[in-house]
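The values are calculated or read from the model by the stated rules, or taken from the named source; none is laboratory data. The structure displayed is predicted, hence computed values, not measured ones. Note: ideal-geometry Cβ built from the backbone for every residue, glycine included; neighbour counts use all protein chains shown. These accessible areas exclude ligands, DNA and RNA; they are computed on the full protein's heavy atoms, side chains included. Shrake-Rupley method; radii C 1.70, N 1.55, O 1.52, S 1.80 Å.
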Amino acid sequence: MDLNNIKDAFDRVTKKQKVSSSKSQEVVEQMSQEIEQALSGIQSATNSTFPQPDHNLILTELKAKLKEIAPLGQLEGTQKELNLALSKYIKLLEKHFNPDISRSYRNVDFDLHTINQIIASHFYREGMFDIGDCFVNEAHEESVVDRKTHFLEMYQILESMKSRDLGPALKWATTNHEKLRQNGSDIELKLHRLQFMEILQHGRRDEALKYARAYFSPFANQHLPEIQKLMACLLWAGKLESSPYSELLSPTHWAKLAHELAQQFCNLLGESYQSPLSVTIAAGVQGLPTLLKLMNVMNGKKNEWQSMKQLPVPIDIDQEFQFHSIFVCPVSRDQASEENPPMLMSCGHVLCKQSITKLSKNNSTRPFKCPYCPTEVEVGQCRRLYF
Amino acid sequence: MEPLPNGNSTVTNATTASATATSLPSLHAGVPSSKLSQLTESLKLEHQFLRVPFEHYKKTIRANHRAVEKEVSAVMSGLSDAGDLSQDDAVQHLNSLVSRLQGLKRKLEDGSRAENLQAQRCRARLDHLESADADNISEWNNTRLKRILVDYMLRMSYYDTATKLAESSSIQDLVDIEIFYEAKKVIDALRNKEVAPALAWCADNKSRLKKAKSKFEFQLRLQEFIELVRSDNNVRAVMYARKYLAPWAATYMKELQKVFATLAFTSNTGCEIYKVLFEPKQWDYLMDQFKQEFCRLYGMTLEPLLNIYLQAGLSALKTPFCYEDDCTKEDPLSQESFRKLAMPLPFSKQHHSKLALEEMATNNNGKITCPRTGLVYNYTEVTKAYIS
């Protein structure tokens, strides 16, 4: 986004502000000087034997001088320019930004308690335990504290992995051996492999062999080639860097495995890998501009907006927010549903059932032309698609 | 650029080539332009982020200026009012004016220091917006979520969490904690059924509240009147009304009459219309009212940013599929709490078919497995059969 003209306008404001404040200082300085001068005039009159102007005369002169300086008038001038710069900047902000992003906000009951629970869970699952505790206290949402303990373990494991300690990770994997196997995850073997390489890298070949014997055997059935490769590494102990297996030493394995572990951990907890709050807010940031544009178009029809069951326009959000396969009939533009499922025609093109019924004029044996290619299709040959 | 289809004429090839050659070199090579425009659109949502510290800055400038004007005109009138004085009196008078000006000088220095600090904060915000680009976007988005959360905490009066969260990520300059502490004083007082700080706040912002045709001060005065009636201080109540309520008579006659009638009904009335006026929830109402006025004055949205983004996000994500049993856990709407919030919101609309198999594909070298037949396909082939 080009912020240059906004920055320029802001520079103008600060410049005028500085001018204005040095003007104030200058004016005040001027005034004090005049008064002090008058003061010393009066005081010297008392000490002098010569006839001096009367103190009241000095006072009158001072009044006249200050009137001439017109301090308030001076202040007003710079202040006026400053005010101009200030309001100009605000107008510029309103022009370049969306001054009210709440325009598409629906005035509905948005339960405070539910939002607070979502936030507390977010803090815990992101590993911000202190802040989570503080929030739970302040908002009186004590019931969420349970969730903390789960994630506490995960972050302890990840923290240890950062300092190359696989102990807690392996302990967790062993405890959950059966569940991980059911989910088709080989993370336990991956952890053992990393530990094995770690031992070997430090040149302790015998220890590595012992480790392999103790822990690899349960995986022999399913992962034999992998294990064979690891055993071959034993031959290269001490010069692994120049071996065909040097790739196994790459530090990226640690980062990747930490990521995978977090994924599996969340999976076992029945949680999503990403914080649902982060996901929703990110989707909101992408969707909100479209909604605000929609409000511009719907200008004033607030009631209509409040009662709408489906948005009248599509919101383009990234693929990462696409959690469901959706079929939209290219003919009717309807979203496929249980009543109106997508049907595959014999040519490979897909339409919704209602569109096919319409095209065939409700006659199952009468062939019709596919709207996308020259093929003649019969309803009887169409098959339902499942996503 | 789209790969050119086979059999394309050389003419088209030539024009595309020249188009590429003449287009300006992009600063963000490799980032699709849709991504960039998406980023620009999202930055346009950050009005409050720039506006609030600027309003604060402006307020400080105005207050400082008013202080100077007041002192200078006081000195000027102090001087012109001085008539025939004895010499000693004249010296004393001038001395007092000089020390007054010296005090003002110190005040000015403090004032301009405060102004500069706030200007710095405004600039930090501009710099932060400018720093958002394709390379640091995920970190930037993380910070945005934290900013949104701090905003929520501050509006809900969870000040400790707000402060802790801001400090833990060193984003103090990017959130408005100080400004909300100004509100805290008033809110805490209203919670204790005290109106004085709220009235002081109204006096501080008199001209702007007047411009916005705010009713808040009138409502505070009504509440004070009610409290006097509650404590059977009828004479004082009448005096109070003459002094503080009468000026609003022209604008809010009806309400005024209704509240005056409480003098007759007293606080233990059974009459519903007047009974509510004595209920403690009137104070909650004043608190809400204050929060709204406060947000409006600083150019903030009246709703917490979090709620606004949550609603938009939930609407964008909401499809009938979210409510099916096999909804993936990665979808926030698979969770009860998110479903509850999404209930009164509209479903999203789809214009194009989408396959949500990308994740499966990226995790499996571009292969996906059919759940019904167990057959394995290439992701690219699957989309081909999926015409729309």
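So residue B:294 passes all but one of these: (1) in contact (Cβ under 8 Å) with a residue 12 or more places away in the chain; (2) over 33 Å from the mean Cα position of the chain (by Cα). Which condition number does it fail?
(2)
Given (1) more than 7 Å from every other protein chain (Cβ to nearest Cβ); (2) in contact with a Phe, Trp or Tyr (Cβ under 6 Å, 6 or more places away or on another chain); (3) over 29 Å from residue B:38 (Cβ atoms), identify the lone condition not met by residue A:356.
(2)
Kindly indicate whether residue B:182 is over 23 Å from residue B:59 (Cα atoms), more than 10 Å from chain A (Cβ to nearest Cβ) and open to solvent by 10 Å² or more (accessible area, probe 1.4 Å).
no
Would you confirm, using the coordinates I've provided, whether residue A:39 is modelled with pLDDT under 90, part of a helix (DSSP H, G or I) and open to solvent by less than 80 Å² (accessible area, probe 1.4 Å)?
Spelling it out, residue A:39 is indeed modelled with pLDDT under 90, part of a helix (DSSP H, G or I) and open to solvent by less than 80 Å² (accessible area, probe 1.4 Å).
Against the conditions (1) more than 17 Å from the chain's Cα centre (by Cα); (2) modelled with pLDDT under 95; (3) part of a helix (DSSP H, G or I), where does residue B:167 fall short? Just the number, please.
Going through (1) more than 17 Å from the chain's Cα centre (by Cα); (2) modelled with pLDDT under 95; (3) part of a helix (DSSP H, G or I) one by one, residue B:167 breaks only (2).
Go through segment A:123-142 and count every residue that is more than 8 Å from chain B (Cβ to nearest Cβ), assigned to a helix (DSSP H, G or I) and open to solvent by less than 20 Å² (accessible area, probe 1.4 Å).
5
Can you pull out the residues in segment B:251-281 that are in a helix (DSSP H, G or I), open to solvent by 40 Å² or more (accessible area, probe 1.4 Å) and not aliphatic (A, V, I, L, M)?
B:254, B:255, B:257, B:258, B:260, B:265, B:272, B:275, B:281
If the Cβ limit is 6 Å and pairs must be 6+ apart or interchain, which residue in segment B:301-313 that is more than 7 Å from chain A (Cβ to nearest Cβ) pairs with which residue that is at pLDDT below 95?
Taking only residues 6 or more apart or on different chains, the pairs are B:304/B:155.
Would you mind finding the one in A:344, A:351 that is over 28 Å from residue B:34 (Cβ atoms), touching a Leu at 6+ places or on another chain (Cβ under 7 Å) and buried (at least 16 other Cβ atoms within 10 Å of the Cβ)?
A:344
With the requirement that a residue be under 26 Å from residue B:344 (Cα atoms) and either open to solvent by less than 10 Å² (accessible area, probe 1.4 Å) or more than 7 Å from chain B (Cβ to nearest Cβ) (or both), what does segment A:81-103 give you?
Within segment A:81-103, A:101, A:103 meet the criteria.
Of the conditions (1) under 33 Å from the mean Cα position of the chain (by Cα); (2) open to solvent by 70 Å² or more (accessible area, probe 1.4 Å), residue B:225 clears all except one; give me its number.
Single failed check for residue B:225: (2).
If residue B:70 satisfies all but one of (1) under 30 Å from residue A:7 (Cα atoms); (2) among the basic types (Lys, Arg); (3) free of Cβ contacts under 8 Å to residues at least 12 places away in the same chain, what's the number of the condition it fails?
(1)
Taking residue B:69, is it in contact with a Leu (Cβ under 9 Å, 6 or more places away or on another chain), within 9 Å of chain A (Cβ to nearest Cβ) and at pLDDT 80 or above?
Yes: the conditions hold for residue B:69.
Okay, residues lined up against (1) more than 7 Å from chain A (Cβ to nearest Cβ); (2) over 30 Å from residue A:123 (Cβ atoms):
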{"residue": "B:73", "(1), (2)": "no, yes"}
{"residue": "B:89", "(1), (2)": "yes, yes"}
{"residue": "B:118", "(1), (2)": "yes, yes"}
{"residue": "B:143", "(1), (2)": "yes, no"}
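The rows are residues; the columns are (1) open to solvent by 50 Å² or more (accessible area, probe 1.4 Å); (2) under 17 Å from residue A:227 (Cβ atoms); (3) not in a helix (DSSP H, G or I).
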site	(1), (2), (3)
A:171	yes, no, no
A:181	yes, yes, no
A:188	no, yes, no
A:192	no, yes, no
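In segment A:272-323, what count of residues is obtained for those that are within 7 Å of chain B (Cβ to nearest Cβ) and touching a residue at least 40 places away in the same chain (Cβ under 8 Å)?
Going through segment A:272-323 one residue at a time, the tally reaches 7.
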